[in-house]
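The values are calculated or read from the model by the stated rules, or taken from the named source; none is laboratory data. Only a predicted model underlies this, so the values are computations on that prediction, with no experimental measurement involved. With ideal geometry, Cβ positions are generated from the backbone for all residues, glycine too; neighbour counts draw on all protein chains shown.
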Amino acid sequence: MSIKPRVRFAPSPTGFLHIGGARTALYNYLFAKAYGGTNILRIEDTDLGRSTPEYEQNVINELKWLGIEYDESPERPGEVGPYRQSDRLHIYKKYALDLVEQGKAFYCFCTDEELEAKRQYAADNNLAPHYDGTCKKFSKKEVEEKLAKGEKGAIRFSVPSRSYTFNDFVRGEVTFESGVVGDFVIIRANGLPIYNYGCVIDDWQMKITHVLRAEDHLPNTVRQLMLYEAFGVTPPIFGHLSLLIGNDRQKLSKRHGATSVTQYRESSYLPEAMNNYLCLLGWSHPNETDIFTKEEVTKHFTLDRFTKSPAVFDLEKFRWVNGQHLRGLDGITLHQEASKFINKDSPYHAQNEVWQKEFLDLFKIKVDFFNEYNAHATDIFNPTRQENEGLKEIYGWESTATIAKFVKDEAEKLIGQGISFLNAEQFKSWEDHLKIEKKIKGKFLFKGLRGVITGKDEGPDLHRLALLTPLKIISGRIDL
Ligand code: GLU
């Protein structure tokens, strides 16, 4: 790419950061990184009724958690700020007045009631639901008089009657036929810009080269193209990302489960796994690999690998991806991060660091996210007996009764010596004794021993698990 891209993520802080928003933010970040460009965060908070500072903070915090960094943002202003739309109202006004001056926009004094009546009339008469042009007829003088009298007017854009075509780098050529939109408001009577207008002024003024955003915004693009044309400005290159859908192929919503980044963070998902999984929803890696970090993927990130078809958000796959990242963590990080998600009252916290690290490492194969460690920790210390067919069979063997008696006696001996956990040599001597003295071999030995020590018929490596299980639990586990 000959020019360095300038891209932006422009969230409206009207809710917690949605996973779809996080995906858009990620793609913009990766694109900027891949081509040595600039990544910008712009807060689109002009919907005063729905935007809140708390949501803005949530969006900013979650982006930080994901490691999506910005070169320019409200927190790190560059030369084209301010980066929050509510601080840019004077800019929107100035350019809107330029359009009025050039006859490309006009003041509209219609009240909400009048507009509603017009809409109703259009609907009743099968007419396009477009503004009927009432206020277009006012002369400049009449407008000035109204404004001087204190009448509040919105500013409407005078829509040209022609079709618009642009090349979307995800969807290919897109054409909007003439007449799809009527003269639309760009600045409301209260002075606030509408999204399509604020967005154009900002993308233009912030020298944005590429707009990567959700498919929902495709219909808005025609209004934006008209405005670029009116200002005599070349529009940025657009790419509308495929829709995120649930397993039922409906647009992803709360019905499908957690949709905010916060919910996944709080459920102990890893930021790298979230980036990895989101990246695969609508873009494919050239090496057809499924597991990568965002640093690795920047080496391969090109705009020609986006897919048009909707992307299914599949929680099972996300869990799997998270599990892959979890298992890739080094011991120190795993201990540091997983410990935060193990319940405060879990017996895990009463153990020393060596025990904790060994436990986390051993059960890595059994969990996909940190929260799942809780059940395993409880299980080790909770002597409830698991009733299943496999275990019933093991407990039915005569040899198991022999193992149980031996283990109970030995465990009690060690407890008497003030020992709380077995070590590897002790465990080995138990095994040897059962093999050599008691002649118990093969599945009768290893399944029997597991059943007696853990109260389960399957689980991770018994040579390690036995050392993590308190002797007190082992001694009282079964009474055959
Ligand atoms: N504020 C818009 C949104 O949150 C931004 C859309 C765009 O990227 O142009 O959907």
Exercise. Just need a number here: residues in the stretch 30-45 that are among the β-branched types (Val, Ile, Thr) and away from the ligand (no atom under 14 Å from the Cβ).
Key: 1
Quiz item: Taking Lys64, is it out of contact with any helix residue (DSSP H, G or I) (no Cβ under 6 Å at 6 or more places or on another chain), assigned to a helix (DSSP H, G or I), over 29 Å from Ile187 (Cα atoms) and more than 15 Å from the ligand (Cβ to nearest atom)?
Solution: yes
Practice problem: Name the single residue, out of those in the stretch 350-400 being touching a Leu at 6+ places or on another chain (Cβ under 9 Å) and β-branched (Val, Ile, Thr), that is farthest from Glu316 (Cα to Cα). | Solution: Thr400
Quiz item: What number of residues in the stretch 168-193 are touching a residue at least 40 places away in the same chain (Cβ under 8 Å) and either within 14 Å of the ligand (Cβ to nearest atom) or touching a strand residue (DSSP E or B) at 6+ places or on another chain (Cβ under 7 Å) (or both)?
Solution: 13
Quiz item: Looking at (1) in contact with a Lys or Arg (Cβ under 8 Å, 6 or more places away or on another chain); (2) in contact (Cβ under 8 Å) with a residue 60 or more places away in the chain; (3) not in a helix (DSSP H, G or I), which is the only condition Phe421 fails?
Solution: (1)
Practice problem: Please work out which residue is modelled with the highest pLDDT, limiting yourself to the stretch 1-15 and to residues that are surrounded by fewer than 18 Cβ atoms within 10 Å (Cβ to Cβ) and more than 13 Å from the ligand (Cβ to nearest atom). | Solution: Lys4
Quiz item: Which one of these does Ala34 not meet: (1) closer than 23 Å to Arg265 by Cβ; (2) touching a Phe, Trp or Tyr at 6+ places or on another chain (Cβ under 7 Å); (3) in contact (Cβ under 8 Å) with a residue 40 or more places away in the chain?
Solution: (1)
Practice problem: Looking only at the stretch 19-29, decide whether some residue is assigned to a loop (DSSP other than H, G, I, E, B), more than 10 Å from the ligand (Cβ to nearest atom) and buried (at least 21 other Cβ atoms within 10 Å of the Cβ). | Solution: no
Quiz item: Under 6 Å by Cβ, and 6 or more places apart or on different chains, what pairs join a residue from the stretch 399-418 that is over 13 Å from His433 (Cα atoms) with one that is hydroxyl-bearing (Ser, Thr, Tyr)?
Solution: Lys408/Ser475; Ala411/Ser475; Glu412/Ser475
Practice problem: Could you please find all residues in the stretch 197-250 being hydrophobic (A, V, I, L, M, F, W, C), in a loop (DSSP other than H, G, I, E, B) and more than 16 Å from Gly282 (Cα to Cα)? | Solution: Met206, Ile208, Val233
Quiz item: When you look at Tyr70, is it touching a strand residue (DSSP E or B) at 6+ places or on another chain (Cβ under 6 Å), in a loop (DSSP other than H, G, I, E, B) and within 16 Å of the ligand (Cβ to nearest atom), yes or no?
Solution: yes
Quiz item: Taking Arg464 and the conditions (1) touching a residue at least 60 places away in the same chain (Cβ under 8 Å); (2) surrounded by 19 or more Cβ atoms within 10 Å (Cβ to Cβ); (3) part of a helix (DSSP H, G or I), which numbered condition does it fall short on, given that it satisfies the others?
Solution: (2)
Quiz item: Out of (1) surrounded by 17 or more Cβ atoms within 10 Å (Cβ to Cβ); (2) farther than 28 Å from Asp71 by Cα; (3) within 16 Å of the ligand (Cβ to nearest atom); (4) within 27 Å of the chain's Cα centre (by Cα), what's the single condition that is false for Val200?
Solution: (2)
Quiz prompt | Matching residues in the stretch 203-251 - criterion: being of a type in the set (A, V, I, L, M, F, W, C), away from the ligand (no atom under 14 Å from the Cβ) and surrounded by fewer than 21 Cβ atoms within 10 Å (Cβ to Cβ) | solution = Ala230, Phe231, Val233, Ile245
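Residue-by-condition table, conditions (1) within 51 Å of the chain's Cα centre (by Cα); (2) closer than 14 Å to Leu462 by Cα; (3) buried (at least 18 other Cβ atoms within 10 Å of the Cβ):
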| position | (1), (2), (3) |
| --- | --- |
| Lys392 | yes, no, no |
| Glu410 | no, no, yes |
| Ile415 | yes, no, no |
| Gly418 | yes, no, no |
| Glu425 | yes, yes, no |
| Trp430 | yes, yes, yes |
Exercise. Look at Tyr55 and say whether it is under 25 Å from Thr298 (Cα atoms), within 14 Å of the ligand (Cβ to nearest atom), at pLDDT 95 or above and in a helix (DSSP H, G or I).
Key: no
